Number of protein chains: 2
Amino acid sequence: MRKIEHIGIAVADLEKSNELFARLLGKTLFKTEIVEGEGVQTSFFQVGETKVELLQATRTDSPIAKYLEKKAEGVHHIAFDVEDINAEVIRLKKAGFEILNETPKQGADNKLVVFLHPRSTNGVLVELCQEI
Amino acid sequence: MRKIEHIGIAVADLEKSNELFARLLGKTLFKTEIVEGEGVQTSFFQVGETKVELLQATRTDSPIAKYLEKKAEGVHHIAFDVEDINAEVIRLKKAGFEILNETPKQGADNKLVVFLHPRSTNGVLVELCQEI
């Protein structure tokens, strides 16, 4: 894993949170994007080599809607940049981690993504990202 | 804010988690440290320009012990590197954020640190870090 690609934060009201994080970080967001497959609308802020990604649900069966229902606004996942996502899936599976989707899927920001179940990673929802 | 300095993860059993994160990240930790003032024992892994910091309580009144009691293992805080921590405290206070300690205190890894209350930051416990 080469770097932290982004930190995903679940929010209830993206417009409000865009303004809040701009104020907090002293930066303006550089991109918003809707990921239909995941039912999310996202905003990105660049902080050094890492991004802060805000995530708002676009429908009630979105993973983010379910997360907010069970938990609360806050850090949702940590994404690591990897060179070869398929090789990392094989390595991590062998190392005993629980892979949520072994076949990488299309994520936001032009990435192939794979998630690891938080019960195998100390409660942290881990995402692997490979630039397409 | 110049970069994500580290991501703090609350763990129940540091020895077990050190092994888990070494396997996950494919790296060995580069430092362990006890911060008496905070009642924590920490381990650090370098990932690009950011660190992953694992935090285990060393006593029952430690913030990490209380966190694990109320919540569960997982992401505890996000720390941002700042150039001038006192100037950032003034800026963020003016911008409406709730500062937990206006006078920076000594944190792990030779840093002055200030925390922002998560209720003013979308549920994210934000730490500001300035290298001493």
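The values are calculated or read from the model by the stated rules, or taken from the named source; none is laboratory data. Bear in mind that the values here come from a model prediction, so they are computed numbers and not experimental data. Backbone-built Cβ (ideal geometry, glycine too); neighbour counts: all protein chains shown.
Things to note:
- Selected residue [within 12 Å of chain A (Cβ to nearest Cβ) and of a type outside the set (Asp, Glu)] from B:LYS31, B:LYS94: B:LYS94
- The listed residues are A:GLU69, A:GLU36, A:GLU15, A:GLU49, and the only one of them that is in contact (Cβ under 8 Å) with a residue 40 or more places away in the chain and of a type in the set (Asp, Glu) turns out to be A:GLU49.
- Those residues of the stretch A:76-93 which are assigned to a helix (DSSP H, G or I) and of a type outside the set (D, E, K, R), in sequence order: A:ILE85, A:ASN86, A:ALA87, A:VAL89, A:ILE90, A:LEU92
This table checks each residue for (1) at pLDDT 95 or above; (2) under 22 Å from B:LEU55 (Cβ atoms).
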position	(1), (2)
A:ALA72	no, yes
A:ALA79	yes, yes
A:GLU88	yes, no
A:ALA108	no, no
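- Those strands (runs of 3 or more DSSP E) of the stretch A:1-68 in which at least 1 residues are charged (D, E, K, R) and buried (at least 18 other Cβ atoms within 10 Å of the Cβ), considering only elements entirely within it, cover A:3-10, A:50-57.
- Selection count where residues are part of a loop (DSSP other than H, G, I, E, B), closer than 17 Å to A:GLU83 by Cα and more than 11 Å from the chain's Cα centre (by Cα), scope the stretch A:94-117: 4
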